[in-house]
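The values are calculated or read from the model by the stated rules, or taken from the named source; none is laboratory data. These numbers were taken from a predicted model, which means no experiment stands behind them. Using ideal geometry, Cβ is built from the backbone for each residue, glycine included, and neighbour counts are taken over all protein chains shown.
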Amino acid sequence: MLTKDSVSPIKEDVLLGEKFLCLRIHNQNSDDKVFKKDIDASYIQFHFCLKGDLDFIFNEGNYSLNLSTNKFLILYNPKKDLPVNINLKSNSIFISALISINKFHKLFSQDGHKIDFLSGDNSNQKYYKELEINNSMLLVLNQMLKYRTSSITKDLYLKSKIYEIFSLIFNSENNNEDDKCPFILNDDQLRKIRLAKDIILERFNEPPTLVELSEEINLGLRQLKQGFKETYGKPVFQYLLDYKMDKAAKLLSDGKYNVNEVSIELGYSNSSHFIHAFKKKFGITPLSFIKQS
């Protein structure tokens, strides 16, 4: 765990390689604190707010940008240095990954052209985007936050988790981000597919069968199955299972519910079925996850 400092924010800079850095910052003070770090124009920056509020200060204090809980920010400007200058509100927590654009580009090699700011003329343009931290990303970020700083595998662990975060960001950003699919033939079918998604998420603990869902949205069973997979990248009940496991991770990380209570909340009649599904999704049991959180 990070050690407490009563004067300044709890902070840790972990060098993961040449021009590759991870920051873990927690302001446990009752007042705001400022964190600064010089970062040149060769870096792309990823900042994740896990708790509280952060104000990013730019242009010597002439401009500020707020980042709130469960939001993250991607920053890149190849023409101007962007030093990290952050005002942390009381009890705020954030994690940052700072990596040179050249190293970052090599991570994607063949697929770099699929990322908007890495493609063509965009590679020399500034880039800014603020997005929501989804539950899968939140699980990984919390694992990074809780990992022991004294472990000899710390650098390797944090690097692997940052790579996992990158894959989650750009997989979700480039695959069906707007529920668009070239294989859906008309707007009416797409509307029905979206309705199917809304229905199973609203009734996640007692979802309808595929036949019932098909009848409710007035779309053929075959069109429902094919259209849903083409639109959301997975079959209906795989999509629902992933949603339920992400929800389970959030409930467990909040610390208000035990494994059995979460199992019931998600509609499992047998907690062993829930435990099996959770372990298959995340590689650890719910109880182990609670102990890590």
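Here are the numbers for this structure:
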item	result
Strands (runs of 3 or more DSSP E) lying entirely in the range 45-106 (those with 3 or more residues that are among the aliphatic types (A, V, I, L, M) and under 17 Å from M137 (Cβ atoms))	93-100
Those residues of the range 222-244 which are crowded, with 21+ Cβ neighbours inside 10 Å and in contact with a Ser or Thr (Cβ under 9 Å, 6 or more places away or on another chain), in sequence order	L224
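This table checks each residue for (1) closer than 30 Å to L107 by Cβ; (2) modelled with pLDDT of 75 or more.
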residue: Y157; (1), (2): yes, yes
residue: N175; (1), (2): yes, no
residue: K180; (1), (2): yes, no
residue: R191; (1), (2): no, yes
